[in-house]
Each structure stands twice: as C-alpha cells, then as structure tokens.
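These notes are about the structure you will find just below.
The values are calculated or read from the model by the stated rules, or taken from the named source; none is laboratory data. Quantities reported herein were computed from a predicted structural model and do not represent experimental measurements. All Cβ positions, even for glycine, are placed from backbone atoms using ideal geometry, and neighbour counts span all protein chains on display. Heavy atoms of the whole protein, side chains included, go into the accessibility calculation; ligands, DNA and RNA do not. Shrake-Rupley method; radii C 1.70, N 1.55, O 1.52, S 1.80 Å.
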Amino acid sequence: MATSTALWSFALVVGLLTLTPGLDTAVILRTAALGRRTRAWGVVLGIQTGTLVWGTLTSLGVTALLAASHLAYEILRWAGAAYLLWMAVRMIHDTFRGRGTTPEGVELGAAADTLSGGWRQGTLTNLLNPKVGVFYVAVLPQFIPADAPHLAAGLLLTSVHITFGVIWSTVLIVCATAMGSRLREPRSRRVLDRITGTVIGAFAVRLAVSD
C-alpha cells in the first residue's frame, strides 16, 4: 500500500469515527456550552494528547500487550468505568444541591475555567478508555505500508486523526458557545448537566459490562 493511499484510507476511517457522537463530544459540548471556552480547549488538547499517546504506543508495539493481556485490559477497563461513573454521579448530584448560578452569573461549585484543568480531564477520559487502545491496535497497523518506518508512519497516521479531531472540536465549541447564553441559565444548566451526566454514566456502564 502506497503512503498516499494509506493516508486517504485511514482519513476516511477516522473521519467517520470522529463524526460519530460519543463521550468526547458530550464532554466538549457541555464544557463549551457552560461558557468555559478555555477549559473546553483544554479538554480538546487532552483528548488529542491521549490519541497521540495511543498512536505512539501502538506504533511501538506496546499496546499489543493490552490486546493480548486480558488482565491488563480488565484493569484499564474498570479504572475507566469508575472514572466515568464518578464524573457522571458528581455532575448529576451537583444539580440537586443548588449549584446553579448566582444572579451575577457566577457559577457555584463549577470546575475552574482553566486550560490545565480541561487538559487533565480530556487526557484521563481518553487514556482510561481501553477501547481506544484496542481500536488503534486493530486498525492502525493495517494502514502502515510494509516498507515504511513503523514509528514514523504510525505517527503520521495518528496526526491525521488528531487533525480531524481538532477541526470537529472547533465546530462543536463554536456551536455550543453560540447557544451558550441560553444554556447557562440555572434551569437550562441543570437540564444540560443531567443529560450529559446520564450520557457519561451510560458510557461507564457500557464499558463496565462490555467484553
């Protein structure tokens, strides 16, 4: 397979994957809709950091251990499910404790609108999802040309995925910000947090019960 063919083929696969609504979409939309644009961009950078880590480890052959080791996969799977469930429960719980907004619009009990905070959240969300690692183990090697340097080719393909992710995240943040004034009202925020928390909780349960 020629390098150009591999790039276009991989771009089609990850392009469709990126456009499919999932956990990353829910976290980015919710963060941006609440007016935390800086944190939202931190989440985006964190998610793409996780993608880069998975792509690098796959290119080095390290994540093959995850696919081969049932114990390693189980540990990561339960850690990821626990983290997502904690995030969902905290998000929903806060809506019943009156953590809305003050008349001046200052959010109470909200996560700080910082790039570093969002980056940590995005990175953990991505790295604690073993299915991302398994996806890379199963898919990435198929698009690396036989005569190409494995690490360099793997990182090139991963960069395609990251580029799609950043572009789509930009669209999500712009759209969420445009609707943000209405979504930041106390009642709307409670509804948004409950919906997002339920979605994240569903992902946690699905991850926990999946084989």
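Looking at segment 143-154 only, could you name the residues that are open to solvent by less than 30 Å² (accessible area, probe 1.4 Å) and either over 14 Å from Leu7 (Cα atoms) or not in a helix (DSSP H, G or I) (or both)? Across segment 143-154, the qualifying residues are Ile144, Pro145, Ala148. Of all residues in segment 1-12, those being closer than 28 Å to Phe203 by Cα and open to solvent by 50 Å² or more (accessible area, probe 1.4 Å) number 1.
Take segment 29-52 and flag every residue that is part of a helix (DSSP H, G or I) and at positive phi.
Taking segment 29-52 as the starting set, the residues that turn out to be part of a helix (DSSP H, G or I) are 29-33, 37-52.
If the condition is that a residue be part of a helix (DSSP H, G or I) and at positive phi, then no residue fits.
Scanning segment 14-58 for residues being modelled with pLDDT of 90 or more, open to solvent by 50 Å² or more (accessible area, probe 1.4 Å) and under 30 Å from Ala146 (Cβ atoms) gives a total of 2.
Yes or no, residue by residue, for (1) at pLDDT 80 or above; (2) in a helix (DSSP H, G or I); (3) open to solvent by less than 40 Å² (accessible area, probe 1.4 Å):
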| position | (1), (2), (3) |
| --- | --- |
| His161 | yes, yes, yes |
| Ile167 | yes, yes, no |
| Ile173 | yes, yes, yes |
| Phe203 | no, yes, no |
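Given the condition within 15 Å of Thr49 (Cα to Cα), touching a Phe, Trp or Tyr at 6+ places or on another chain (Cβ under 7 Å) and either part of a helix (DSSP H, G or I) or modelled with pLDDT of 90 or more (or both), answer yes or no: does some residue in segment 106-117 qualify? Yes. With respect to the conditions (1) farther than 22 Å from Leu156 by Cα; (2) open to solvent by 20 Å² or more (accessible area, probe 1.4 Å); (3) out of contact with any helix residue (DSSP H, G or I) (no Cβ under 7 Å at 6 or more places or on another chain), Val62 falls short on a single one, namely (1). The residues listed here are Leu140, Leu157; of these, the one that is at pLDDT 90 or above, open to solvent by less than 50 Å² (accessible area, probe 1.4 Å) and of a type in the set (A, V, I, L, M, F, W, C) is Leu157. Being hydroxyl-bearing (Ser, Thr, Tyr), touching a Leu at 6+ places or on another chain (Cβ under 6 Å), closer than 24 Å to Phe135 by Cβ and at pLDDT below 85 is a condition met by at least one residue of segment 81-93.
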